[in-house]
Amino acid sequence: QVQLVESGGGLGQPGGSLTLSCAASRISVSADTMGWYRQAPGKERDLVAIFTLSGMTRYVDSVKGRFTISRDSSKNMVYLQMNSLKPEDTAVYYCYLKPLYGPASWGQGTQVTVSS
């Protein structure tokens, strides 16, 4: 299946910014749903942001207005720009890709920690 590798995680300050990157072995823009999930200790893995098949973006309410998902299909890259960071954003972030048909692919995860 598609291989996904995340990078860009680390330590951020409240109110600061981080950019996560996801390198995919391939992207089919017309057939793939792409997005980011996150999982904090003791919590479920939750959807953060997605690209729909039509190219529209959707965000969980807690990050809307602060996070931006983008992609560069020519480079097989998906990004998550994280602004106005809050301590509750602390989690392991996972890139994922789901073809219209076939199994989903997940990255290995990258840790984001937000603290003062």
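Some points to look at:
- Only listed residue being farther than 19 Å from Thr33 by Cβ, open to solvent by 50 Å² or more (accessible area, probe 1.4 Å), at pLDDT below 95 and in a loop (DSSP other than H, G, I, E, B), chosen from Ser116, Ser84: Ser116
- Taking residues in region 77-92 that are under 16 Å from Leu47 (Cβ atoms), and partners anywhere that are basic (Lys, Arg) and loosely packed, with under 14 Cβ neighbours inside 10 Å, the pairs with Cβ atoms closer than 8 Å and at least 6 places apart or on different chains are Ala91/Lys43.
- Checklist (1) in contact with a Ser or Thr (Cβ under 8 Å, 6 or more places away or on another chain); (2) among the basic types (Lys, Arg); (3) assigned to a loop (DSSP other than H, G, I, E, B) applied to Lys43, failing item: (1)
- Inter-residue pairs, beta-carbon under 9 Å, first under 17 Å from Ile27 (Cβ atoms) and of a type in the set (S, T, N, Q) and in region 1-14, second open to solvent by less than 10 Å² (accessible area, probe 1.4 Å) and part of a strand (DSSP E or B), 6+ apart: Gln1/Leu97; Gln1/Ser105; Gln3/Ser105; Ser7/Leu20; Ser7/Cys22
- The residues on offer are Ser70, Ser116, Ser105, and the sole one that is touching a strand residue (DSSP E or B) at 6+ places or on another chain (Cβ under 7 Å) and either under 21 Å from Gly16 (Cα atoms) or of a type in the set (Phe, Trp, Tyr) (or both) is Ser70.
The values are calculated or read from the model by the stated rules, or taken from the named source; none is laboratory data. This one's a predicted model, so the numbers in the text were calculated from it and none came from an experiment. Heads up, the Cβs are rebuilt from the backbone with ideal geometry, glycines too, and the neighbour counts pull from every protein chain shown. Ligands, DNA and RNA are excluded from the accessible area calculation, which covers all protein heavy atoms including side chains. Shrake-Rupley method; radii C 1.70, N 1.55, O 1.52, S 1.80 Å.
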